Amino acid sequence: MKFRAFLISTALTAVTISYGTLGHAADIKEVQMLHWWTSGGEAAALDVIKQAVAKQGYAWKDVPVAGGGGGAAMTTLKANVAAGNPPTASQILGYYALEYAEQGSLADISSLADKDGWDKVVPVALQKFAKTNGKWGAVPINIHSVNWIWLNKAVMEKIGGTEPKNFDEFVALLDKAKKGGVIPLALGGQPWQEATMFDSIVASTGGTEFYKKAFVDLDEGALKSDTMKKAFDNLAKLRDYVDPNYTGRDWNLATAMVIKGDALVQVMGDWAKGEFAAAHKEAGKDYLCYRFPGTDGSVFYNSDMFAFFKVPADRQAAQLALAQVTMNPDVQSAFNVIKGSVPARTDVSDAAFDICGKKGIADVKTANAKGTFFGSLAQNYAQPPAIATAYYDVVTKFMHGGIKTSDIAVTELVKAINAAK
Amino acid sequence: MTAMTEREAATAMARRKLGPSLRGWFQDWLPRLVLAPSFLLVLVFVYGFNLWTLFLSFTSSKAFPTTNLVGFTNYVRLWNWTFETDPPSNWYTALVNMGLFGGLYIFFCLFLGLLLAILLDQKIRGEGILRPIYLYPLALSFIVTGTAWKLFLDPRIGLENALHEWGWTSFHFDWVVDPQMMIYCVAIAGIWQSSGFVMAMFLAGLRGVDGEILKAAQIDGASTYQTYRRIVIPIIRPVFFSALIVLAHMAIKSYDLVLSVTGKNPGGAAELPSTFMYSYTFTRNQMAVGSASAVIMLMTIAAIMVPYIYSETREQSR
């Protein structure tokens with residue numbers, strides 16, 4: 001414990017030096033926002049919230065900490081919170097929000113939540129991360145989901161393909177593409193990408209109920225089952241359709257292959273839409289989006305949230321203003337149209353979205369109602385990061401030949417997950 | 001008047017008496033005072049944390065440090081992993097890769113560095129331009145070097161693609177996307193980055209060699225090869241020592257280079273002890289195992305360095 005306090009204070013010193021101004025100008029009419037949305041599209045999306053907050057009469061104090069995955073931002077946040085000097089709000093991912101909530105660092109904004117009826121409009125599975133012991137401490141701004149496939153429409157027409165409804169049809173479609181002389185599957189051979197694709201394969205092979213049992217409940221019987229073995233075998237099948245140079249490729253380069261028509265399809269979360277948008281491609285016209293074959297009706301999500309920390313009384317008004325703005329349906333709509341994700345409340349109109357966004361919104365609604373809305377293991381929303389990393393390990397070793405059979409793969413999976421618990 | 005001068009003389013004498021002792025006191029203490037903060041920092045942040053890591057490696061720490069001692073359990077786990085080859089454990093891969101990467105990196109950096117330095121030392125024209133060109137890669141961070149080499153070696157967009165477009169269609173070089181071979185690409189990028197720096201070290205050493213000795217060798221009829229082999233290289237042996245220390249620690253601590261060249265460790269094939277240590281300590285909730293691996297890394301460096309430093313210092317004092 002002492003060591004942690006020491007480490008944190010060391011980190012804090014470093015952080016105070018670099019972010020010296022953060023928090024010293026405690027002002028009632030100011031919102032300090034720590035985030036890692038620094039790329040073009042992300043910053044444009046955040047601007048929507050910035051404008052809305054300004055309309056409420058609050059100044060916006062940006063505290064960006066660059067680094068895609070948010071690792072650096074989380075370190076900065078930890079130091080600030082430990083020093084008793086938290087920002088008004090911070091971008092955060094599920095398990096980190098839970099950590100702070102359990103530690104008692106999060107504010108209670110339940111009064112606002114009750115007034116606006118968030119309980120009814122935010123998907124139940126997401127509330128697990130936003131709400132601790134019945135108190136709202138964080139709000140979700142969007143929902144991404146991983147069980148999507150993205151296809152180049154021109155290539156699809158050239159090979160005469162139709163939407164695949166199950167895994168076998170998907171393989172048949174990939175075969176068609178192979179015969180047609182294009183790379184069937186654009187994949188980036190990095191552990192997290194392979195694992196993200198495997199999330200969908202598991203759900204497609206064993207069904208949503210099996211996914212929940214294996215990845216949400218970590219049921220050892222399910223993890224070792226023949227169904228899981230079959231999922232690994234299905235992953236091996238897909239390996240036959242990637243180009244030989246896929247190892248280590250970044251996800252956006254794989255998306256670019258689909259955009260350019262070098263490849264037919266990519267299995268990726270809906271952040272891939274941002275790449276299509278940046279290339280001025282239109283959903284339905286230039287590219288197609290389907291749910292991963294066999295997972296239609298289910299949504300495996302990850303989400304960006306804003307966590308609200310315990311702040312002095314004179315800063316609470318700003319906090320509530322930001323929370324209210326964030327959960328405003330119009331803001332959620334405008335933000336997510338730019339970000340490529342789906343609003344985190346189910347009552348937002350889909351009028352402003354393209355057909356992929358419309359489908360995403362409808363899917364979240366039905367999945368939430370049917371109870372088929374689950375966190376993605378690969379994206380750290382089904383289990384804490386330690387278990388996701390162990391999962392990456394097994395999937396990527398299987399994919400690249402380190403683990404040779406699906407029998408060994410499931411044994412290794414159980415072993416790795418138990419070690420990470 | 002006389003009284004004044006007497007008094008002045010007295011104070012002057014007193015000052016003279018006081019002066020040296022105060023100055024002497026300062027001369028004694030100033031270096032210690034100046035060095036004290038950095039000494040203290042090194043003591044706490046290097047040696048203190050070394051001991052702390054050593055302690056953690058004997059505990060059952062998972063996500064957070066605990067003081068629950070479990071003896072050698074974590075070392076036993078690492079030891080078992082060392083022989084777990086099918087499927088290869090992360091630790092086994094890390095050790096094999098360390099041997100391959102470290103060996104190639106150190107050997108080729110020394111070899112190329114020395115070769116370049118000797119060639120540059122032939123009093124050629126344009127040395128002033130050539131030297132910074134070779135040194136320049138050092139100005140880049142490893143992550144930039146790694147990303148650039150990854151793109152350059154990528155068969156689809158880099159070297160292979162370019163040569164295919166120029167007509168050499170049988171050319172095939174896909175190490176960077178082959179999990180078995182990618183560690184060699186990491187070595188290539190590392191060697192490119194560091195050999196210029198080693199060259200500069202050797203060049204400085206070569207310039208320090210007394211010209212008289214070389215002339216004497218020439219008069220005795222020694223060939224250029226013999227001069228370098230028998231005279232120059234033995235003289236600049238301490239440079240080898242410095243270069244080896246610099247390269248060895250760069251090899252063992254390299255982290256960003258391997259991640260950027262290989263694209264985040266696909267297939268778990270690009271593990272190094274440093275990446276192993278980081279991921280087990282900070283993302284896999286196995287802090288004790290991570291600490292044990294860190295201790296093993298430290299002992300490995302010590303096993304190489306201590307005998308070397310010992311023999312070198314003994315020779316100097318003789």
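Readers should treat all values here as calculations from the given coordinates under stated rules, not as data from a laboratory. Everything numeric in this text was worked out from a predicted model, so none of it was measured. All Cβ positions, even for glycine, are placed from backbone atoms using ideal geometry, and neighbour counts span all protein chains on display.
Here is how the numbers come out for the structure above:
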{"item": "Inter-label distance for B:A216 and B:S60, nm, one decimal - labels placed 7 Å from Cα along Cα-to-Cβ", "result": "6.9"}
{"item": "Interatomic Cα distance distribution for segment B:170-276, bins of 5 angstrom, percent", "result": "2, 11, 16, 14, 12, 10, 9, 9, 7, 5, 3, 1, 0"}
{"item": "Cysteines without a disulfide-compatible partner [the protein assembly as shown; Cβ-Cβ under 4.7 Å]", "result": "B:C109, B:C185"}
{"item": "Computed E for B:L30/B:T313 - FRET, C-beta separation, R0 22 angstrom, nearest 0.05", "result": "0.20"}
{"item": "Residues of type lysines that B:K253 reaches as a straight line, Cα spacing below 25 Å, ignoring anything fewer than 8 places off in the same chain", "result": "A:K397, B:K62, B:K150, B:K264"}
{"item": "Length gained when the stretch B:L140-B:A162 is fully extended (0.36 nm per residue, less Cα-Cα span)", "result": "5.5 nm"}
{"item": "Over 24 Å between alpha carbons, listed pairs A:K212/A:K285; A:K61/A:K358; A:K131/A:K370; A:K115/A:K310", "result": "A:K212/A:K285; A:K61/A:K358"}
{"item": "Kirkwood hydrodynamic radius of segment B:92-208, Cα pairs, Å", "result": "15.8"}
{"item": "Ascending count of other beta-carbon atoms within 10 Å, so fewest first, for B:I118, B:I129", "result": "B:I129, B:I118"}
{"item": "Kyte-Doolittle at least 0.0, axis length at least 18 Å by Cα - qualifying DSSP helices, chain B", "result": "B:2-42, B:90-120, B:182-207, B:237-253, B:287-317"}
{"item": "Rel. contact order, % - alpha carbon contacts under 8 angstrom, at least six apart, segment B:78-317", "result": "29"}
{"item": "Near-label residues of segment B:243-267 by backbone N, under 17 Å of a point 7 Å along Cα→Cβ of A:D250", "result": "B:256-266"}
{"item": "Which of B:M299, A:M257, A:M156 has the fewest Cβ neighbours within 10 Å, and the rest in rising order", "result": "B:M299, A:M156, A:M257"}
{"item": "HN-Hα J in Hz across segment A:362-369 - Karplus 6.51, -1.76, 1.60, θ = phi - 60°, x for Gly and Pro", "result": "4, 5, 4, 4, 5, 4, 5, 5"}
{"item": "Residue order, fewest to most beta carbons within 10 Å, for B:L206, B:L40, B:L214", "result": "B:L40, B:L214, B:L206"}
{"item": "Contact order relative to length of chain A, as percent, for alpha carbon pairs under 8 angstrom and 6 or more apart", "result": "24"}
{"item": "Selection from B:L22, B:T59, A:V299 lying farthest towards where the dipole of the protein assembly as shown points positive, charges on Cβ", "result": "B:L22"}
{"item": "Per residue convex hull volume, Cα atoms of segment B:78-317, in Å³", "result": "176"}
{"item": "B:M305 paired with B:L43, simple spin-label distance in nm, labels 7 Å along Cα-to-beta-carbon", "result": "2.0"}
{"item": "Relative contact order [Cα under 8 Å, 6+ residues apart], segment A:57-140, whole percent", "result": "24"}
{"item": "Net +/- balance of residues flanking A:Y241 in space, Cβ distance below 15 Å, scoring K and R +1, D and E -1", "result": "-2"}
{"item": "Straight-distance crosslink candidates among lysines, where the alpha carbon sits under 18 Å from A:K404 and sequence neighbours closer than 8 are dropped", "result": "A:K224, A:K229, A:K230, A:K237, A:K415"}
{"item": "Sequence-distant aspartates and glutamates (8 or more away, or on other chains) whose Cα lies within less than 14 Å of A:K260", "result": "A:E275, A:E282, A:D286"}
{"item": "Kirkwood Rh and Cα Rg combined as Rg over Rh, evaluated for chain A", "result": "0.98"}
{"item": "Virtual spin-label span in nm between A:K29 and B:F111, 7 Å along Cα→Cβ", "result": "7.1"}
{"item": "Per-pair calculated FRET efficiency, R0 = 45 Å: A:V216 and B:F83 via Cβ, rounded to 0.05", "result": "0.80"}
{"item": "Calculated over segment A:219-278: convex hull of Cα atoms, volume per residue (Å³)", "result": "112"}
{"item": "Per-residue [θ]222 nm for chain B (sum of -39500 (n - 2.57) over DSSP H runs n ≥ 4, rounded to 500)", "result": "-22500 deg cm²/dmol"}
{"item": "Prolate/oblate/rounded label for the protein assembly as shown (Cα gyration tensor, a/c 1.5)", "result": "oblate"}
{"item": "When each of A:K135/A:K273; A:K178/A:K281; A:K50/A:K213 is checked by Cα-Cα distance, pairs over 32 Å", "result": "A:K135/A:K273; A:K50/A:K213"}
